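Let me begin by handing over the structure; questions about it come next.
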Amino acid sequence: MPAAAASTIGIANLPNQRHRIVSRKGANFTIMVLGESGLGKTTYVNTLFTTLLRDYKRPEHRFQKQLERTVQIDVVRAEIEEKGFNVRLTVIDTPGFGDYVNNQDCWVPVVEFLDEQHQNYMSHEQRAQRDEKDDLRVHVCLYFIQPTGHTLKPLDIEVMKQLGSRVNLIPIIAKADTLTPGDLAVFKDRIRDCISTHNIAVYSPPVQSDDEENTRRNQSIFSAMPFSVISSESDVTSPTTGEKVRGRQYLWGVAEVENEAHCDFKKLRNLLIRTHMHDLIASTEEHHYENFRMDKLGAEGRTDDDPAQRARRGLESKMKEEEEALRKRFTEQVRMEENRFRQWEQRLIAERDRLNRDLETQHKTVKTLEEELDELTVSRRK
Ligand SMILES: Nc1nc2c(ncn2[C@@H]2O[C@H](COP(=O)(O)OP(=O)(O)OP(=O)(O)O)[C@@H](O)[C@H]2O)c(=O)[nH]1
Ligand SMILES: [Mg+2]
């Protein structure tokens, strides 16, 4: 692990309150680089560390690997500290794909790796004493695209589709020094079109901010997506300043890593390390990890393997049966009461009818008696 030594990169300037919240215990931040073989992923990781850490020395074994393929996942770590704000930065360098006849499922091990980190974290989540160093959940995946100048390849589309829903995905145009500025602009447009046509979920945080300057800065950063990068293991002399800078020397001149007129290396580094680190961490936690957790819990609820789950389901079904029996008993009782009430009602109606009939008969009798009385009265007068 490289020694902790911070150059002035502005981590402490994280522009919001969240910085204060996380600063007490620092932050774990994990970047993964991914893409076809030979696109400069390992070189990019080294260049990033070199520009972040003043005395960064690449470990010995990595020097030997310089011109070799990365054959297994390589984890590079550094502690960066600025004004008391700590970031444990981890970069995961992956072996490039694209050398095999069938690359169809090359994304599967990557997806498995991402899920495994979520799973590990989930298993350890309950522990009071968690080892923060073991948390390798990937907060951002930089996907390297070959600078063909045409558009995305079917393999890129497939891999990006698979990853975009699981991790914050940022597309990168590799080896930007091999394209002219005009070709690079056209290539960027085509990639953007392709991303939107295929509904690929790339990282897009809210650009709007309370602060006008932040909004403008965010707009400028994200209008550069997909970011073009130039990486290099060595220094060159800048023709403009005469200073030694990271770059690549050509017969026609130099391509400078940190020159914004040459590529977006600086913009991307600002996004990762300075302006959007917290958003990348938070969205991984709140969105991608939560999705994983919910999927996992849902799947567990459907399996029959867990005795506790089985017992819970047994209890639930017993309770349901009892509830159903109670409901039936209640319905039956209500039905019987209703019957009783109806019979009583009918008896009442019948009684009322009988009384009415009686009343009518009595009325008739009274009427007849009155008539008889009238007749008797008349005959007596006569
Ligand atoms: N022109 C140019 N060449 C580059 C750039 N970055 C890296 N390279 C060269 O590309 C070659 C491959 O670089 P690596 O960093 O090993 O590529 P990788 O993506 O890690 O390859 P795998 O480990 O096989 O996946 C090396 O010769 C680098 O010097 C760049 O920005 N521009
Ligand atoms: Mg490599």
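The values are calculated or read from the model by the stated rules, or taken from the named source; none is laboratory data. This one's a predicted model, so the numbers in the text were calculated from it and none came from an experiment. Using ideal geometry, Cβ is built from the backbone for each residue, glycine included, and neighbour counts are taken over all protein chains shown. SASA here: full protein model, heavy atoms, side chains in, ligands and nucleic acids out. Shrake-Rupley method; radii C 1.70, N 1.55, O 1.52, S 1.80 Å.
Have a look at 380, 293 and point out the one that is at negative phi and under 52 Å from the mean Cα position of the chain (by Cα).
293
Still on this model: For segment 225-256, how many residues meet the condition of being near ligand 1 (Cβ under 10 Å from one of its atoms) and in contact (Cβ under 8 Å) with a residue 40 or more places away in the chain?
9
Being among the hydroxyl-bearing types (Ser, Thr, Tyr) and either open to solvent by 30 Å² or more (accessible area, probe 1.4 Å) or on the phi > 0 side of the Ramachandran plot (or both): is that true of residue 234 here?
Taking the combined requirement at face value, the residue satisfies it.
A further question follows. I'm checking my understanding of the structure. Among residues of segment 67-99 that are more than 16 Å from ligand 2 (Cβ to nearest atom) and open to solvent by 30 Å² or more (accessible area, probe 1.4 Å), which one is modelled with the lowest pLDDT?
This residue is 83.
Residue by residue, here is whether (1) modelled with pLDDT under 55; (2) of a type outside the set (Phe, Trp, Tyr); (3) within 16 Å of ligand 2 (Cβ to nearest atom) holds:
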site: 5; (1), (2), (3): yes, yes, no
site: 9; (1), (2), (3): yes, yes, no
site: 14; (1), (2), (3): yes, yes, no
site: 17; (1), (2), (3): yes, yes, no
site: 39; (1), (2), (3): no, yes, yes
site: 43; (1), (2), (3): no, yes, yes
site: 53; (1), (2), (3): no, yes, no
site: 57; (1), (2), (3): no, yes, no
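Tell me, please, whether a residue that is under 13 Å from residue 47 (Cβ atoms) and under 37 Å from the mean Cα position of the chain (by Cα) can be found in segment 249-256.
Checked against the condition, which is being under 13 Å from residue 47 (Cβ atoms) and under 37 Å from the mean Cα position of the chain (by Cα), segment 249-256 yields at least one hit.
Residue 171 - would you say it is more than 16 Å from ligand 1 (Cβ to nearest atom) and touching a residue at least 40 places away in the same chain (Cβ under 8 Å)?
When the stated conditions are applied, residue 171 does not pass them.
Moving to a separate point now. Can you confirm whether segment 292-301 contains a residue that is at pLDDT 85 or above and surrounded by 15 or more Cβ atoms within 10 Å (Cβ to Cβ)?
yes
Moving on to the next point. Return the residue satisfying two criteria in turn: it lies in segment 228-268 and is of a type in the set (Phe, Trp, Tyr) and not in a strand (DSSP E or B), and of such residues it is nearest to ligand 2 (Cβ to nearest atom).
Across segment 228-268, the extreme among qualifying residues is 265.
Being part of a helix (DSSP H, G or I), open to solvent by less than 80 Å² (accessible area, probe 1.4 Å) and out of contact with any Lys or Arg (no Cβ under 7 Å at 6 or more places or on another chain) is the filter here; which residues of segment 166-188 pass it?
176, 182, 184, 185, 186, 187, 188
Hey, any hits in segment 270-288 for a residue that's within 26 Å of residue 173 (Cβ to Cβ), out of contact with any helix residue (DSSP H, G or I) (no Cβ under 8 Å at 6 or more places or on another chain), open to solvent by less than 50 Å² (accessible area, probe 1.4 Å) and of a type in the set (S, T, N, Q)?
Scanning segment 270-288, I find at least one residue that is within 26 Å of residue 173 (Cβ to Cβ), out of contact with any helix residue (DSSP H, G or I) (no Cβ under 8 Å at 6 or more places or on another chain), open to solvent by less than 50 Å² (accessible area, probe 1.4 Å) and of a type in the set (S, T, N, Q), so the answer is yes.
Sticking with this structure for a sec: Checking the structure you have, find out if any residue of segment 175-194 is within 16 Å of ligand 2 (Cβ to nearest atom) and hydrophobic (A, V, I, L, M, F, W, C).
no
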